[in-house]
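J.: Starting off with a structure, shown below.
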Amino acid sequence: MKNAYKKILSITIALLLVVQVFGSLNVFAFDNNQSRAIEKYTRTVDVPCDKFGYVTVKVVISHNMTTGKKMVYSKDYDTHFDKQWFNVQVSKVKTTPAVGSVIKGNTIKVEVTAYQFGLQSVTGNGTIYL
């Protein structure tokens, strides 16, 4: 009877070890199974807005070194409007490709729309070369 318990115990331990070994083969070196070979860099362009002045648009580009894909990660802008034009504001800053999209080619098109009191509106365009 003692031998039967020893055999059952030995088989159970052996099975647990086998499950432990094969169950742990799915190990990920990085959090969320994501590659760490991602580089981010910023490119800027000054977009003229006719007589109002210009807008400096900053675009952050995410470059995945493993896959080679580049993506528009984020955008931001700073206004440099002439003070003689009171209450000039930016209504839209658009990038092509849009934020979150993959960049195909070596350029990013930027379009800025500014207005004054809703009476006058101008659109300026710029290009960021990668």
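The values are calculated or read from the model by the stated rules, or taken from the named source; none is laboratory data. Keep in mind the model is a prediction, meaning the values are calculated, not measured. A quick note on method: Cβ atoms are made from the backbone with ideal geometry, for glycine too, and the neighbour counts reach across all protein chains shown. What goes into the accessible areas is simple: the full protein's heavy atoms, side chains included, and nothing from ligands, DNA or RNA. Shrake-Rupley method; radii C 1.70, N 1.55, O 1.52, S 1.80 Å.
J.: For Ile11 and Glu111 in one chain, what is 0.36 nm times their gap in residues minus the Cα-Cα distance, to one decimal in nm?
T.: Taking 0.36 nm per residue and subtracting the Cα distance, the gain is 29.0 nm.
J.: Continuing with the same structure: What's the carbon and sulfur percent of the range 44-118's accessible surface, probe 1.4 angstrom, rounded to a whole number?
T.: Using a 1.4 Å probe with all protein chains present, the range 44-118 comes out at 50 percent carbon and sulfur.
J.: Also: For a test of understanding, tell me how many lysine pairs in the range 32-130 have Cα atoms under 19 Å apart, given they are 8 or more places apart or on different chains.
T.: 26
J.: On to the next question. Would you please put 89-95, 64-70, 110-116 in order of how densely packed they are, using the mean number of other Cβ atoms within 10 angstrom per residue and starting with the highest?
T.: Highest to lowest by the protection proxy: 110-116, 89-95, 64-70.
J.: Would you please give the FRET efficiency between Val122 and Lys40, computed as 1/(1 + (r/R0)^6) with r the Cβ-Cβ distance and R0 = 25 Å, to the nearest 0.05?
T.: 0.20
J.: Please report, in debye to the nearest 20, how large the charge dipole of the range 40-130 is about its Cα centre when each Lys and Arg carries +1 at its beta carbon and each Asp and Glu carries -1 there.
T.: Once rounded to the nearest 20, the dipole reads 420 debye.
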